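A short worksheet on the structure shown next.
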Amino acid sequence: MTHLNDIVQPTAEGTARDSHASTASRMGRICGLESFVEAFDQLAIISATDIKGTIVYANDEFTRVSGYSQAELIGQNHRILKSGHHPAAFFKDMWRTIARGKIWRGEIKNRAKDGSIYWVDSTIVPFKDGRGKIQGYVSARINITKQKLAEEKLLAQNIQLDTALNNMARGLSMFDAQAQAGVATAQVEIGIAEGVKVAGTAQPLTRGHSAGSGTAGG
């Protein structure tokens, strides 16, 4: 039975830059579905690495999206695409998963050769020999850049809307406070005016005895 070692081993012998058609054919024989693999190879970004993560195969879609030629990718690590977006823990988790022989899937933000950013939905599958020992890894990625850019645009719009609404709420709150202060001031002024008015119309207080009154003499 043919395994990923059929791809990795020729690389160690100095034939890493075999033609794309030849390598794709070997990958197809791994599954016994060569036509299916070749069709998938046209749609997805495909790469294969040895157990250390050194790239030993990159399909045409990989070179088209990344901007690197196959000659530039072969022998390199995927760190060549590092964008700096993900924390170290992100990749540690990825390697921990595939090193245990499990499939890893996640979204990765990469940087192309020209400095532009692109996003991929990546699935990494470990390939094992007949004894279950991992021989390398095959990665299949779907370009989701348009989707992520749309999400980022929507997020930015939502942030702007939230900011505008918060500013509006603060403005209304200040206006309400000022209005309440104005009402209170007006009420005080009205109270003072009413007090003055009442004071102005009050009758003067009469002191002493009224006319005709007196004390009888002896």
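Has region 108-130 got any residue that is within 22 Å of the chain's Cα centre (by Cα), on the phi > 0 side of the Ramachandran plot, modelled with pLDDT of 80 or more and in the same structural domain as residue 69 (by TED's automatic domain parsing)? Checked against the condition, which is being within 22 Å of the chain's Cα centre (by Cα), on the phi > 0 side of the Ramachandran plot, modelled with pLDDT of 80 or more and in the same structural domain as residue 69 (by TED's automatic domain parsing), region 108-130 yields at least one hit. Within region 59-69, can one find any residue that is over 18 Å from residue 149 (Cα atoms), assigned by TED's automatic domain parsing to the domain that holds residue 38, surrounded by fewer than 17 Cβ atoms within 10 Å (Cβ to Cβ) and without any contact (Cβ under 8 Å) to a residue 24 or more places away in the chain? For region 59-69, residues over 18 Å from residue 149 (Cα atoms), assigned by TED's automatic domain parsing to the domain that holds residue 38, surrounded by fewer than 17 Cβ atoms within 10 Å (Cβ to Cβ) and without any contact (Cβ under 8 Å) to a residue 24 or more places away in the chain: present. Scanning region 90-105 for residues that are touching a Ser or Thr at 6+ places or on another chain (Cβ under 6 Å) and in contact (Cβ under 8 Å) with a residue 12 or more places away in the chain turns up at least one hit. Inspection of region 143-151 identifies no residue that is surrounded by 15 or more Cβ atoms within 10 Å (Cβ to Cβ) and under 21 Å from residue 52 (Cα atoms).
The values are calculated or read from the model by the stated rules, or taken from the named source; none is laboratory data. Note that the coordinates shown come from a computational prediction; the quantities given were computed from them, not determined experimentally. A quick note on method: Cβ atoms are made from the backbone with ideal geometry, for glycine too, and the neighbour counts reach across all protein chains shown.
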